[in-house]
Amino acid sequence: MKVNLAEVPWEERRSPKGRYHLFQKAISFALGGKKDIGTWAGGHPFDATLVRIPAGAVDWPLHAHAAQWELYGVEEGNGWVRMGERRIDVGPGDWFLAKPQEAHQIENPGPGDLVLLVIANNPEADVVSYAQSGKFFIKPERKIVSESPLSYYDGEE
C-alpha cells in the first residue's frame, strides 16, 4: 500500500483546559493499520504518526509505557522533551528515543509549531502509567483505570 502524506487528514486532540494540544496525521492508519493492535491481531508491527504541537502546548501528560518504544524525529520547530526529571532541548534534525518505563512528555514553548515524526512499536499489550494522577491506561482494551472512575485528563491540569 501507499499513501501520500498530503492526503492524510490532521486530527486534533485537545484537553478540556487546553494545556495538552496537538494535531496528528495517522500515517499507519491511512495504510490500513489499527489503533494499538499489532501483527498478532492483523495490525502493523509499528505505528508512524506526524505530530504537530502548537506554540505553548504540551503533547500529553507525563507518562511511561510498560512495553512500548517510541522513536521521535524533529522535522521543524524547537521544543523540550521531559524524560523523567531531565529536560532536553530539541530542534530540527534531532532524534530521540523513549524507552519502555521511561516517563516522557514534549512541550513546545513557541513561537511556531513543533513538528515531529513518531514511530512506535505495537506490543501485544501495554500499560501506560501517569505518575501525577496515579492512573493507568490499558492497551489494547483502551481503558483508563484508577481507584475511582476518571477521564483521560483528570488530575493532569
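Laboratory data are not the source of any read-out in this text; all were calculated from the coordinates shown. Keep in mind that what you see is a predicted model, and the values were worked out from it rather than measured. Using ideal geometry, Cβ is built from the backbone for each residue, glycine included, and neighbour counts are taken over all protein chains shown.
Measuring from a point 7 Å past the Cα of Glu7 along Cα-to-C-beta, which residues in the stretch 27-71 have an amide N at less than 12 Å?
30-32
For the chain, list log₁₀ I(q)/I(0) at each q in 0.13, 0.14, 0.19, 0.21 Å⁻¹, using the Debye formula over Cα point scatterers of equal strength and ignoring solvent, two decimals each.
Rounded to two decimals, the profile gives -0.61, -0.71, -1.37, -1.61.
On a straight-distance basis, which lysines could pair with Lys25 in a cross-link, Cα separation under 17 angstrom, same-chain partners fewer than 8 positions away excluded?
Lys2, Lys34, Lys35
How high is the FRET efficiency between Phe96 and Ala55 when r is their beta carbon distance and R₀ equals 22 Å, given to the nearest 0.05? All intermediate terms of the calculation are to be shown ahead of the outcome.
On the way: r = 20 Å, r/R0 = 0.92.
The value I calculate is 0.60.
When Lys and Arg each count +1 and Asp and Glu each count -1, what net charge do the other residues less than 11 Å away from Glu141, Cβ to Cβ, add up to? Present the calculation step by step, with values, prior to reporting the outcome.
On the way: positive: Lys139, Arg142, Lys143; negative: Asp36, Asp126.
Summing Lys and Arg as +1 and Asp and Glu as -1 gives +1.
What number comes out for the charge environment of Pro109, summing +1 per Lys or Arg and -1 per Asp or Glu over other residues with Cβ under 14 Å away?
Residues near Pro109 contribute -1 overall.
Name the residue, out of Gly38, Gly77, Gly93, whose mean-square fluctuation peaks in a Gaussian network model built on the chain with Cα pairs under 10 Å.
Gly93
Would you order Leu62, Leu114, Leu5, Leu31 from fewest to most other beta-carbon atoms within 10 Å of each residue's own beta-carbon?
Numbers: Leu62 17, Leu114 27, Leu5 9, Leu31 14.
Fewest to most other Cβ atoms nearby, the residues stand as Leu5, Leu31, Leu62, Leu114.
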